[in-house]
Amino acid sequence: MGKNRAKNEKVKKKNLITINQQVVLASSSQTRQEEIRKYFDKVVLSKHKINESQEKKEKQLKAKDLAFYLARLKAISISKDYKKSIIIGCDQILECNDKIFSKPKTLIEAKENLKELSGKKHKLFTCLYVLKNLREYFVEESFAEVRFKKLTEREISDYVEKNKDTALSCVGSYKIEENEKHKFIKIIKGDIESIIGFPLKEFLKKARKEK
C-alpha cells in the first residue's frame with residue numbers, strides 16, 4: 001500500500017506543470033487551493049485584499065460583470081507583492097430570481113439562503129482572471145445553471161448543522177463535490193468546473209504550451 005501511494009505521488013509530481021515563474025492564487029478557498037496544487041509545482045497561496053461585500057454594494061453590477069470585476073480586483077490587490085509572478089484571481093456569483101447571493105456570515109444566514117434556493121433554478125457566473133508580470137494574461141468566464149431540489153426546513157437545518165464549514169464557506173452553502181451524497185442539484189447548463197467556480201481547463205492548456 002505504501003509503495004503504491006509513493007508511486008502515485010511520483011506520477012502526480014511528474015505531471016505537474018513546471019514553469020519559471022511561481023503561480024500565486026489570490027484566494028483562501030480550500031477547493032481552489034487543492035485544485036491549483038494538482039497542476040503546478042510552484043504555488044503560493046495569498047489571500048486577496050478586497051472587501052467583497054462592500055464592493056458588491058458599491059458597484060451594483062450585473063452578476064456576470066460582477067464576477068469579472070471581483071476576479072480582476074482580487075488579482076490586482078496582491079500584485080504589488082508578486083510583481084514577477086503569475087497571479088490568479090477568481091470569483092463566482094450566484095444569482096437566483098435576480099438576487100445576488102453572498103457567502104453567509106452565520107449559520108442562520110446559511111439556512112435562509114438554502115430556503116431561498118430550495119425548489120428553484122439558480123445561475124452561477126464565474127470568472128478566472130490571470131495576471132503575468134503585472135499585465136492581463138488570461139481571462140476565462142463561465143456560466144452554469146442548476147435546479148436545487150425542494151427541501152424541508154428540517155432537512156435544511158440538519159444539513160447546515162452537520163456541514164457547518166461548507167455552509168459558511170460556499171456562496172450557495174453547498175458543494176457540487178458533495179452532490180453524489182446529498183443529491184441537491186440537477187445540472188441544466190454548464191460543466192463541473194463552472195459549478196465548482198474554478199474554470200482552469202483553457203488556462204492550463206495555455207500554460208502547458210508556453211512552459
Note: L168 to H182 extended length (0.36 nm per residue) minus current alpha-carbon separation gives 3.3 nm
Here the relative contact order (percent) of the chain, from C-alpha pairs under 8 Å and at least 6 apart, is 19
In region 60-117, the chymotrypsin sites (Phe, Trp or Tyr not before Pro) that sit in a DSSP loop and have at most 15 other Cβ atoms within 10 Å of their own Cβ are none
For I195, the net charge from surrounding residues (Cβ-Cβ under 14 Å; K, R +1; D, E -1) works out to 0
Taking r as the C-beta separation of K62 and T18 and R0 as 41 Å, the FRET efficiency to the nearest 0.05 is 0.55
Excluding residues fewer than 8 positions from K181 in its own chain, the aspartates and glutamates with Cα under 18 Å of it are E155, D158, E161, D165
Unit-weight point scatterers at every alpha-carbon of the chain, Debye formula, q = 0.07, 0.08, 0.18 1/Å: log10 I(q)/I(0) is -0.23, -0.30, -1.28
Surpassing 21 Å at the alpha-carbon level, of the pairs K47/K83; K64/K121; K42/K80; K121/K205; K162/K201; K132/K206, are K121/K205; K162/K201
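Readers should treat all values here as calculations from the given coordinates under stated rules, not as data from a laboratory. Because the structure is a prediction, the values reported are computed rather than measured. Cβ atoms come from the backbone with ideal geometry, glycine included; neighbour counts cover every protein chain shown.
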